[in-house]
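Novice: Can you keep this structure in mind? I'll have questions shortly.
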Amino acid sequence: MQARLMQVRMRARLAKLDMARFTSHLDFMRTIGRATRRAGIPVALTEGFHPHYKIAFGPALGSGIASIAEYADFILNCRIPGEEFSRRMNCALPVGFEVLEAREVPLTWKSISSVVDAASYEMGLWAPDEGPWRVVEELRRRVKAILEAPSLTVTRQTEKGLKELDIRPKILDLDVVEKDGNDPVFLSMIVTIGDGGTPRPEEVLQCILSGRVPALPGQVVSRAESSDPHPIAVGRVSITRTGLFLRKGRDLVSPMEAGE
Amino acid sequence: MSWNSKEIMRVLQDELLPEVVKPQRYIGNEWGSVRKDPSRCEVSFLLAFPDIYDIGMSHLGFKILYYILNQREDVCAERTYAPWHDMENAMRQRGMPLFSLESHRPAREFDFIGFTLQYELSYPAILNMLDLAGIPVMAASRRDGDPFIIAGGPGAYNPEPLWAFIDFFVIGEGEEVIGEIVDLYRELKKAGAPRSSILGRMSRIEGIYVPSFYEPVYGPGGELEEVRPLASEAPRVVRKRVVKDLDRAVFPDSFVVPFMEVVHDRAMLEVFRGCTRGCRFCQAGMVYRPVRERSPERVKELASRILKNTGYDELSLSALSILDYSCAAQVLHDLVSRYGPEGITVSLPSLRVDTFSVDLAKEVEKTRKTGLTFAPEAGTQRLRNVINKGVREEDLMEAVRAAFNGGWDTIKLYFMIGLPTETTEDILGIARLARAVRDAGVEIAGSKTGALTRFPRVNVSVASFVPKAHTPFQWCGQAPMEELLEKQRLLKESTKVKGLTLSWHDAGMSLVEAAIARGDRRVARAMRRAWELGSRLDSWSEGFDLVRWQRAFEESGLSLESYATRDIPLDQVLPWDHISTGVSKEYLRAEFERAMRGEVTPDCRFERCSGCDVCFALRTSPKLYGKGVR
Ligand code: SF4
């Protein structure tokens with residue numbers, strides 16, 4: 001059968017934007033699979049009783065989060081240039097989905113989900129409808145507090161009830177980015193992923209906006225202040241996954257560049 | 001706030017979609033959805049499905065109309081579905097109106113909103129969607145500038161329970177008439193015609209029923225004497241539209257591919273329309289006559305284009321009884337050998353009860369044996385003759401043996417209870433038959449040569465008989481609910497054995513379905529009251545409340561039970577007598593009488609014409625491509 005043919009592995013980085021961000025990971029996989037058939041991409045089939053397409057995806061993304069860093073591997077039955085793959089796929093993808101880059105990578109590379117261990121996010125904050133909005137300084141102060149604290153506890157709803165979790169060790173970086181003017185203000189974040197307890201961007205954002213951040217060392221916080229933190233009101237929030245990485249020492253490497 | 005598409009999109013993304021379950025239901029933008037600039041289209045048409053996206057997206061009729069309308073440059077057709085409860089609440093809280101999925105603009109901006117009537121319990125959703133859209137629920141309250149609310153589909157064969165809410169109904173198949181409606185509207189809109197004269201002109205199109213142009217006349221006892229036209233242009237009897245040559249009819253070679261999983265999430269290809277097996281309870285079998293097939297060449301050509309354009313990995317051939325297609329064997333063989341190697345499966349929704357069907361299923365489901373479905377419908381030969389289900393027990397047993405031997409370990413059997421003339425013996429017959437099927441499976445599983453690796457499972461699905469308009473059983477009352485529940489109990493007790501599972505249709509839901517299905521204009525009052533009392537998505541058990549319906553009927557001065565369960569005298573005027581499917585009332589009556597005598601009527605595809613009259617009335621004829629052509 002076709003398994004004996006020369007096969008190649010195409011790795012692609014995809015975007016999921018606007019309304020499309022409300023599709024689930026399963027929807028995303030289905031959409032990409034159907035697009036390959038519409039585009040006539042020669043994706044290989046698995047052997048066995050019910051053959052399916054050899055496409056492997058990276059880590060799932062929460063519903064409502066946009067992304068410019070969704071990765072997928074396609075095993076192809078014949079070699080086609082990355083640009084052609086992108087062009088053909090982009091003609092067959094629905095609005096909101098896009099192949100941003102594609103290139104052939106060695107068949108020996110490990111699967112995306114098994115090698116990727118860090119992710120970056122960007123969170124855009126818009127001012128509420130009324131009034132001027134000066135939050136950058138306060139955001140910086142809170143971000144600094146988180147980075148300098150040894151722990152940051154969040155509560156999660158699990159099947160066994162509420163569970164407390166320290167997500168601080170998994171936050172590699174957190175920063176306030178002001179792009180021309182102050183609306184929107186961006187927070188950028190890099191976290192480790194993979195081994196459970198991955199910080200969710202909305203959790204970290206919640207901590208920052210609600211003011212539920214650890215006090216800075218050396219700062220005297222009165223009881224009243226800590227139990228009644230002052231929340232920052234925002235108009236709308238957007239969250240985008242901006243990257244997935246492999247950690248190589250202190251460096252972050254793109255899955256397009258490495259796979260072992 | 002005045003809502004426009006930009007504002008709706010903004011509030012959806014920022015506030016609503018993050019908080020509702022399955023936000024994918026409301027985002028649109030699917031592959032194959034058509035976005036046009038509304039300002040450049042002369043007529044805008046919103047196809048509205050009175051149930052949620054998950055259900056509505058599988059409806060073939062919508063796909064066909066969406067395609068036909070959008071092929072025209074002067075028309076833009078969009079879609080909308082009933083929001084699930086959480087979304088409805090969120091929308092109402094913010095005052096957001098019902099919107100379309102393509103341009104996300106308010107439904108009330110469209111020229112037409114067309115509902116499809118697939119299931120009686122979804123009717124309250126129509127009222128609710130109109131209200132959510134900010135459109136008067138009562139047709140009489142609509143003014144110039146409001147959209148025309150129209151409805152079609154099988155439910156339109158008895159339009160009366162909805163008469164007060166719908167501006168006009170489209171009776172029969174929509175492919176051709178939809179264009180006539182749009183053409184006429186475009187011309188009248190340009191001329192600035194008022195609403196009333198547009199309705200007047202519409203009523204002259206064949207197949208259009210404008211209910212406000214008719215008036216029911218009741219006798220002293222409250223019985224219907226006639227429904228008579230008030231306007232001179234309104235025809236006395238509205239006859240259904242029918243596509244004469246299906247091979248030349250438009251069929252979409254591409255359609256909207258949902259992101260989320262919906263029911264029947266696969267490419268769908270209609271292979272033929274109509275069914276003349278003549279089951280006497282079946283509305284579809286009467287109203288879609290005569291049988292018209294697509295040619296094998298056209299089926300294969302469409303299959304190839306649909307698969308290519310949608311990217312689906314499963315193709316479902318659809319028809320009322322798919323294996324009755326005269327070219328089924330050849331076409332299935334060709335499709336499976338052409339697409340199997342590409343990892344694309346062909347699926348058959350249900351099988352006929354014979355070994356030939358099982359052989360075909362073997363060919364189709366070479367690898368993935370998901371389970372086979374058979375529908376004997378009744379438990380004894382006597383009752384099967386009454387309902388004209390020409391299935392013999394030997395055929396069923398032979399077919400299930402072939403299936404078990406072929407490696408299927410799950411068999412699904414469909415039965416109906418509460419059928420006319422049914423006795424305890426017939427109920428016990430269901431139990432006996434189901435056990436016999438199960439025993440055959442156990443025997444085969446136990447034999448050394450058998451292909452079964454698991455203990456066989458037989459799932460028995462039991463529906464309650466619901467009398468439907470335009471069928472030979474339209475005069476028969478539904479069995480009272482206590483009786484149905486008693487029969488369910490009896491059946492449960494007599495099928496307690498490993499490997500057999502029973503499932504029911506809710507008897508209360510069937511009761512309401514029957515009351516609406518045979519309802520007259522007075523039922524519209526109860527419908528409105530039920531909606532006011534909270535009916536929304538009553539086709540879902542979590543949204544259905546029998547007490548609410550009982551109260552709604554009562555408060556409207558009507559009896560739910562009587563509408564559903566009373567036997568109607570054969571000579572009485574029926575609320576749908578002014579709607580014609582082409583099948584004559586005399587034929588239905590003759591069929592009813594044959595049923596009572598236990599006589600079967602053969603299929604006109606294979607034997608002589610049985611005289612239902614549809615071919616004469618609609619100047620058409622059955623069209624078959626394979627052997628079996630008379
Ligand atoms: S008129 Fe005769 S041939 Fe035509 S559908 Fe009816 S029974 Fe069949």
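The values are calculated or read from the model by the stated rules, or taken from the named source; none is laboratory data. Treat the numbers as computed from the prediction; the structure is a model and nothing was measured. Heads up, the Cβs are rebuilt from the backbone with ideal geometry, glycines too, and the neighbour counts pull from every protein chain shown.
Novice: If you take the residues in the stretch B:566-585 that are within 15 Å of the ligand (Cβ to nearest atom) and in contact (Cβ under 8 Å) with a residue 12 or more places away in the chain, which one is nearest to the other protein chains (Cβ to nearest Cβ)? So that I can check it myself, show each step before the final result.
Specialist: Quick first cut of the stretch B:566-585, residues within 15 Å of the ligand (Cβ to nearest atom) only: B:580-585.
In the following step, the residues that additionally are in contact (Cβ under 8 Å) with a residue 12 or more places away in the chain were identified as B:580-584.
Working: B:580: 43, B:581: 39, B:582: 40, B:583: 41, B:584: 47 Å.
Ranking the candidates gives B:581 first.
Novice: Condition (residue is more than 21 Å from residue A:152 (Cβ to Cβ), at pLDDT 85 or above and surrounded by fewer than 15 Cβ atoms within 10 Å (Cβ to Cβ)) applied to the stretch A:238-249: is it met by at least one residue?
Specialist: Checking the stretch A:238-249: at least one residue is more than 21 Å from residue A:152 (Cβ to Cβ), at pLDDT 85 or above and surrounded by fewer than 15 Cβ atoms within 10 Å (Cβ to Cβ).
Novice: When the residues of the stretch B:388-435 are narrowed to those that are out of contact with any strand residue (DSSP E or B) (no Cβ under 6 Å at 6 or more places or on another chain) and free of Cβ contacts under 8 Å to residues at least 40 places away in the same chain, which ends up farthest from residue B:356 (Cα to Cα)?
Specialist: Residue satisfying both the conditions and the ranking: B:423.
Novice: Next question, about the same structure. How many residues does the stretch B:1-32 contain that are within 17 Å of residue A:97 (Cβ to Cβ) and over 31 Å from the mean Cα position of the chain (by Cα)?
Specialist: Residues meeting the conditions: 1.
Novice: A follow-up question, please. Identify, from the list B:63, B:36, B:6, B:22, the residue that is among the basic types (Lys, Arg) and facing chain A (nearest Cβ under 10 Å). So that I can check it myself, show each step before the final result.
Specialist: Numbers: B:63 fails: facing chain A (nearest Cβ under 10 Å); B:36 fails: facing chain A (nearest Cβ under 10 Å); B:6 fails: facing chain A (nearest Cβ under 10 Å).
Result: B:22 is the single residue among B:63, B:36, B:6, B:22 that is among the basic types (Lys, Arg) and facing chain A (nearest Cβ under 10 Å).
Novice: Of these, B:237, B:210, B:256, B:217, which one is touching a Gly at 6+ places or on another chain (Cβ under 9 Å) and farther than 25 Å from residue B:58 by Cβ?
Specialist: On the way: B:237 fails: touching a Gly at 6+ places or on another chain (Cβ under 9 Å); B:256 fails: farther than 25 Å from residue B:58 by Cβ; B:217 fails: touching a Gly at 6+ places or on another chain (Cβ under 9 Å).
Only one candidate qualifies: B:210.
Novice: Looking at the stretch B:444-470, which of its residues are outside any loop (DSSP other than H, G, I, E, B), modelled with pLDDT under 90 and surrounded by fewer than 17 Cβ atoms within 10 Å (Cβ to Cβ)?
Specialist: B:446, the sole residue that qualifies.
Novice: Continuing with this model, one more query. Where in the stretch B:521-586 are there helices (runs of 4 or more DSSP H), lying fully within it, with 3 or more residues that are of a type in the set (A, V, I, L, M, F, W, C)?
Specialist: On the way: elements: B:523-532, B:546-555, B:560-565.
Those helices (runs of 4 or more DSSP H) span B:523-532, B:546-555.
Novice: Is there a residue being within 14 Å of another protein chain (Cβ to nearest Cβ), without any contact (Cβ under 8 Å) to a residue 24 or more places away in the chain, more than 18 Å from residue B:174 (Cα to Cα) and more than 14 Å from the ligand (Cβ to nearest atom) anywhere in the stretch B:305-323? Step through it out loud before you land on a result.
Specialist: From the stretch B:305-323, those within 14 Å of another protein chain (Cβ to nearest Cβ) are B:305-315; that's our starting set.
Subsequent filtering for residues that are without any contact (Cβ under 8 Å) to a residue 24 or more places away in the chain retains B:308.
Within this subset, residues satisfying the condition of being more than 18 Å from residue B:174 (Cα to Cα) are B:308.
When the remaining residues are screened for being more than 14 Å from the ligand (Cβ to nearest atom), the result is B:308.
Yes, that holds for at least one residue.
Novice: Does residue A:147 satisfy the criteria of being touching an Asp or Glu at 6+ places or on another chain (Cβ under 7 Å), under 23 Å from residue A:190 (Cβ atoms) and assigned by TED's automatic domain parsing to the domain that holds residue A:191?
Specialist: Taking the combined requirement at face value, the residue does not satisfy it.
Novice: Right, something else. I'm checking my understanding of the structure. Among residues of the stretch B:243-269 that are β-branched (Val, Ile, Thr) and surrounded by fewer than 21 Cβ atoms within 10 Å (Cβ to Cβ), which one is nearest to the other protein chains (Cβ to nearest Cβ)? Steps first, please.
Specialist: So the first thing to find is which residues in the stretch B:243-269 are β-branched (Val, Ile, Thr), and the list is B:243, B:250, B:256-257, B:262-263.
Next cut, surrounded by fewer than 21 Cβ atoms within 10 Å (Cβ to Cβ) only: B:243, B:250, B:262-263.
Numbers: B:243: 29, B:250: 22, B:262: 11, B:263: 15 Å.
Ranking the qualifying residues of the stretch B:243-269, first place goes to B:262.
Matching residues to (1) in contact with a Gly (Cβ under 7 Å, 6 or more places away or on another chain); (2) modelled with pLDDT of 90 or more; (3) surrounded by 22 or more Cβ atoms within 10 Å (Cβ to Cβ):
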residue	(1), (2), (3)
B:305	no, yes, no
B:325	no, yes, yes
B:352	no, no, no
B:363	no, no, no
B:378	no, yes, yes
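Novice: Could I ask something else about it? From the residues in the stretch A:103-131 that are within 14 Å of chain B (Cβ to nearest Cβ) and surrounded by fewer than 18 Cβ atoms within 10 Å (Cβ to Cβ), which one is nearest to residue A:193 (Cα to Cα)?
Specialist: Among those that are within 14 Å of chain B (Cβ to nearest Cβ) and surrounded by fewer than 18 Cβ atoms within 10 Å (Cβ to Cβ), it is A:126.
Novice: Keeping to the stretch B:587-630, report how many residues are assigned to a helix (DSSP H, G or I) and either within 14 Å of chain A (Cβ to nearest Cβ) or within 12 Å of the ligand (Cβ to nearest atom) (or both). Show your work before the answer.
Specialist: Initial filter on the stretch B:587-630 (assigned to a helix (DSSP H, G or I)): B:587-596, B:614-617.
Still in the list and also either within 14 Å of chain A (Cβ to nearest Cβ) or within 12 Å of the ligand (Cβ to nearest atom) (or both): B:587-588, B:590-591, B:614-617.
Summing the residues that are assigned to a helix (DSSP H, G or I) and either within 14 Å of chain A (Cβ to nearest Cβ) or within 12 Å of the ligand (Cβ to nearest atom) (or both) in the stretch B:587-630 gives 8.
Novice: Here's something else I'd like to know. Tell me yes or no: at least one residue of the stretch B:325-342 is more than 16 Å from the ligand (Cβ to nearest atom), closer than 24 Å to residue B:178 by Cβ and in contact (Cβ under 8 Å) with a residue 60 or more places away in the chain.
Specialist: Going through the stretch B:325-342, the residues more than 16 Å from the ligand (Cβ to nearest atom) turn out to be B:325, B:327-342.
Then keep just the ones that are closer than 24 Å to residue B:178 by Cβ; that gives none.
Checked against the condition, which is being more than 16 Å from the ligand (Cβ to nearest atom), closer than 24 Å to residue B:178 by Cβ and in contact (Cβ under 8 Å) with a residue 60 or more places away in the chain, the stretch B:325-342 yields no hits at all.
Novice: Which residue out of B:249, B:231, B:267 is away from the ligand (no atom under 16 Å from the Cβ) and free of Cβ contacts under 8 Å to residues at least 40 places away in the same chain? Spell out the reasoning first.
Specialist: On the way: B:249 fails: free of Cβ contacts under 8 Å to residues at least 40 places away in the same chain; B:267 fails: free of Cβ contacts under 8 Å to residues at least 40 places away in the same chain.
Selected residue: B:231, the only one of B:249, B:231, B:267 that is away from the ligand (no atom under 16 Å from the Cβ) and free of Cβ contacts under 8 Å to residues at least 40 places away in the same chain.
Novice: Also, I was wondering about something else. Within the stretch A:45-56, work out how many residues are at pLDDT 95 or above and buried (at least 18 other Cβ atoms within 10 Å of the Cβ).
Specialist: Going through the stretch A:45-56 one residue at a time, the tally reaches 1.
Novice: Looking for whichever is under 24 Å from residue A:28 (Cα atoms) and part of a loop (DSSP other than H, G, I, E, B) here; the options are B:250, B:262, B:243. Which one fits? Explain how you work it out, then say what you get.
Specialist: Details: B:250 fails: under 24 Å from residue A:28 (Cα atoms); B:243 fails: under 24 Å from residue A:28 (Cα atoms).
The unique qualifying residue is B:262.
Novice: So which residues in the stretch B:603-618 are of a type outside the set (S, T, N, Q) and in contact (Cβ under 8 Å) with a residue 60 or more places away in the chain? Before the answer, list the steps.
Specialist: In the first step, residues of the stretch B:603-618 are kept if they are of a type outside the set (S, T, N, Q); the result is B:603-609, B:611-618.
The answer is B:603, B:604, B:605, B:612, B:614, B:615, B:617, B:618.
Novice: Considering only residues of the stretch B:270-291 that are of a type in the set (Lys, Arg) and more than 10 Å from the ligand (Cβ to nearest atom), which is nearest to residue B:594 (Cα to Cα)?
Specialist: Going residue by residue through the stretch B:270-291, those that are of a type in the set (Lys, Arg) are B:273, B:277, B:280, B:289.
Add one more test, that the residue is more than 10 Å from the ligand (Cβ to nearest atom), and what stays is B:273, B:277, B:280.
Working: B:273: 26, B:277: 15, B:280: 10 Å.
The extreme case among them is B:280.
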